[in-house]
1. Being modelled with pLDDT of 95 or more, within 27 Å of Arg255 (Cα to Cα), surrounded by 22 or more Cβ atoms within 10 Å (Cβ to Cβ) and touching a strand residue (DSSP E or B) at 6+ places or on another chain (Cβ under 6 Å) narrows it down to one residue among Leu437, Leu381; which is it?
2. How do the strands (runs of 3 or more DSSP E) wholly within segment 42-102 filter down when requiring 2 or more residues that are in the same structural domain as Leu379 (by TED's automatic domain parsing): which remain?
3. Kindly provide the set of residues from segment 422-462 that are under 18 Å from the mean Cα position of the chain (by Cα) and β-branched (Val, Ile, Thr), ordered by number.
4. Can you tell me which residues in segment 131-176 are in contact with a helix residue (DSSP H, G or I) (Cβ under 6 Å, 6 or more places away or on another chain), under 18 Å from Pro373 (Cβ atoms) and of a type in the set (A, V, I, L, M, F, W, C)?
5. Can you name the condition, by its number, that Ser447 falls short on among (1) of a type in the set (S, T, N, Q); (2) surrounded by fewer than 16 Cβ atoms within 10 Å (Cβ to Cβ); (3) within 15 Å of Leu216 (Cβ to Cβ)?
6. Exactly one condition in (1) under 30 Å from Arg417 (Cβ atoms); (2) surrounded by fewer than 16 Cβ atoms within 10 Å (Cβ to Cβ) is not met by Ile129; state its number.
7. Being in contact with an Asp or Glu (Cβ under 8 Å, 6 or more places away or on another chain) and either of a type in the set (D, E, K, R) or closer than 28 Å to Gln140 by Cα (or both) is the filter here, so list the residues in segment 23-75 that pass it.
8. Check Lys171, Lys137, Lys115 and return the single one that is closer than 27 Å to Gln469 by Cα, basic (Lys, Arg) and either surrounded by fewer than 21 Cβ atoms within 10 Å (Cβ to Cβ) or touching a Ser or Thr at 6+ places or on another chain (Cβ under 9 Å) (or both).
Amino acid sequence: MFFLLACHPFTEKLYDASCPLGPDVSIQLTNEPLSLDPTFVEDGAGLMVLSNTSAGLMGYNAEGQLIKKLAASYRATGQVYDFYLRADARWSDGKQIESQDFLYAWNRLQTSGSKFRPFFESISSIEAISPSHLRIKLAQPAAWLLHALTLPPMYPQRPQMVFSGPYVLKKHLRDRALFLVKNPYWSITAQSIQCAEFLIVSDDMTALRLVGSQRLDVATRLPLFHEPKKTVSEPFFATYYLSFATTKKPFDDVRWRRALVGALDKETIVNALSPHSRPASSWIPFGIEGYESFVDERALFQEDMEWAKKQVPYSFEFAFDANPRNQRMAEKIHYDLKMLPLQIALKQYDWRTYVATIRLRTPPLFRFARLSPLADPSLHLAVFTSGDPSNFSGFSDPRYDALVARIMTLAPSALRRQLIAEAQHILLREQTVVIPLYHYVSRIALSEKVKAFRMNPFGMIQITDIQVQP
């Protein structure tokens, strides 16, 4: 074991003048971030890094509670929100963070192809009233606004590469590691860690071995059926799911989509993939308004199953990103679908190629995961609205669009939950655009030197929430 690790490239550590002995803590990322630009970030790895190097007016703490970050206070008057910035809010170069920096970010978002852009259409204008006073005006009510201000496109930005959060990205070796050091001008939360490293380790078993050798301190994804000595379980707001290219055969016919649900034994799939996670029949994840408890749906789709069994066999591609867990999932689903006249070609891709593939030529059937960066169902539901950049399925339904638009104007309430249930019924039962398989519970391995650790309900690890032995 020692020889393998000693010869492995992961044994090479990154250093900085402020940390001559290397990072105080090393955390696994399972893939290279697709982007670290706050306007264009789109995957969990990018969000993880930005949650440590940047901050917005609002944020979430380790318990998932909404808190003020760069805002010292705010006032809401109807559809007008006034935010007053902290006097000690500074960039990593020492310059004061001002309202104009938020306006710069907003203007970038409006002229970009960011996937987040449609979500902010309810904002009619943003004004820099003074260097410390920012005003946001809404075109219509948006109960989710304060939550949305936690998203990276709404972080302050400048043309230069500077950082508004507790840590500064010092070095970035593509597909290898990212090295962060303490922002000396951050004063909002304590920073017990001077230097931290995000180590990109795509193989789960390798990550576990690196924890055992003390080269890695936090392994964020464990190999199947391995229980290391020091682990924590952290549920978070995410749905692992299957979806369809609804404009391609055979899944341009809703009966085929419904028949697939009728054939899948979700509880067995989850036990084989992620036994600590929750089987899902709700698109909205556990812990967010509108979540519905799991029910075995197979009996609901028996009529479609019987119809499908009488059809001419179809051949199609089932695509997924390469890792042992997804391979096992695909094989189990392939087994369940043998009762239907379907000839399935399993095809796996590396992560970056996979994202490009489902975006440019969506396979007939594909697996994906949706992480909710908000404690609100709006973004989860918006994914399947017409024209949304993340709607890879090609699904479009004016009734669904209208429901989501209405939901986004309402505060949490019985009426809102009723409308969310109607929207989910269209997605899951009537049109069957998506098949939720499970809601995540992460099993995380920690090295012996980690004394305190938290992952928040959005799957983000804040370095400020970690404590290690010296």
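1. Leu437
2. Counting at least 2 such residues, we get no strands (runs of 3 or more DSSP E) at all.
3. Passing the criteria: Val434, Ile435, Val441, Ile444, Ile461.
4. Trp144
5. Status for Ser447: all satisfied but (2).
6. Unmet for Ile129, out of (1) under 30 Å from Arg417 (Cβ atoms); (2) surrounded by fewer than 16 Cβ atoms within 10 Å (Cβ to Cβ): (1).
7. Glu32, Tyr74, Arg75
8. None of the other options fit; the residue is Lys171.
The values are calculated or read from the model by the stated rules, or taken from the named source; none is laboratory data. Keep in mind that this is a model prediction, so the values were computed, not measured. FYI the Cβ positions are ideal-geometry reconstructions off the backbone, even for glycines, and counts take in every protein chain you see.
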